[in-house]
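The values are calculated or read from the model by the stated rules, or taken from the named source; none is laboratory data. In this text, all values refer to a predicted model and were calculated from it rather than measured experimentally. Using ideal geometry, Cβ is built from the backbone for each residue, glycine included, and neighbour counts are taken over all protein chains shown. For accessibility, only protein heavy atoms count, side chains too; no ligands or nucleic acids. Shrake-Rupley method; radii C 1.70, N 1.55, O 1.52, S 1.80 Å.
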Amino acid sequence: WPFVLNLLSDKETFVVSAAAGLIEALATHVGSFMTMRVWNDVWPRFKTMLDKLDSADAVSALSRRGGSLVGTESAYTHSHRLYRSMLRTMTASLSGEMEVRSRPAWEVLIAFRRFLHAAAHEELQVCARGLYIAMGRHNEDAVWLILTSTASSPGVPHLKHLQQSKWDMQH
């Protein structure tokens, strides 16, 4: 397990992508065994990777351009594959009846909400909706608060600091 986790920090993007794919497969097919490992060991690394991918996508020729666009245009880039694996891994880790701690759950909901934007790649939107539906089974109030605050739905109380008017999330 430590060897697999170390691969998430490799310098080669294809190695990181393959490691994320392996963790996704383990979380999907051996869910109950992997649940706590994903939340304790993998999520902090995914969180760091998301920050690095934001920086890399900012200079990538394949990234979607513009202030409100998210991710890459091509489903064949390493960053797209990583995003997809991260979304699917976190979704698979929610399939059991375990208690999800509030802070990591909140971090996951904040980090992946960008993929609900209408301009995000369609495949990533589908994966993100699956994640939010799965998280809703564990903490529907947090999901509701983050989504309504991000979309800034009129007439609904929300947290101003979460508002992202540049993202179209009304759907």
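Values as computed for the structure displayed
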quantity: Charge context of V143, other residues only, Cβ under 14 angstrom, K/R +1, D/E -1; calculated: 0
quantity: Global form of segment 92-136, assessed from the alpha-carbon gyration tensor, a/c cut-off 1.5; calculated: oblate
quantity: Förster-model FRET efficiency, 30 Å R0, V15 and M36, C-beta, rounded to 0.05; calculated: 0.75
quantity: Euclidean distance of C-alpha centroids, segment 1-51 and segment 105-144, integer Å; calculated: 19
quantity: Exposure ranking of H80, H121, H138 by accessible area [1.4 Å probe, largest first]; calculated: H138, H121, H80
quantity: In Å, descending, principal axis extents of the Cα set of segment 1-58; calculated: 36, 18, 18
quantity: Positive minus negative residues near I110 (Lys, Arg vs Asp, Glu; Cβ under 12 Å); calculated: +3
quantity: Cβ-based net charge around A128, under 11 Å, with every Lys or Arg adding one and every Asp or Glu removing one; calculated: +3
quantity: Residue-span extension gain [E123 to H138] - 0.36 nm each, minus C-alpha spacing; calculated: 3.0 nm
quantity: Order of exposure, largest accessible area first, which applies to Y83, Y76 with probe 1.4 Å; calculated: Y76, Y83
quantity: Förster radius 25 Å - calculated FRET efficiency between T48 and S102 (Cβ-Cβ, nearest 0.05); calculated: 0.75
quantity: Separation of the A25 and N6 label points, Cα + 7 Å toward Cβ, nm; calculated: 2.1
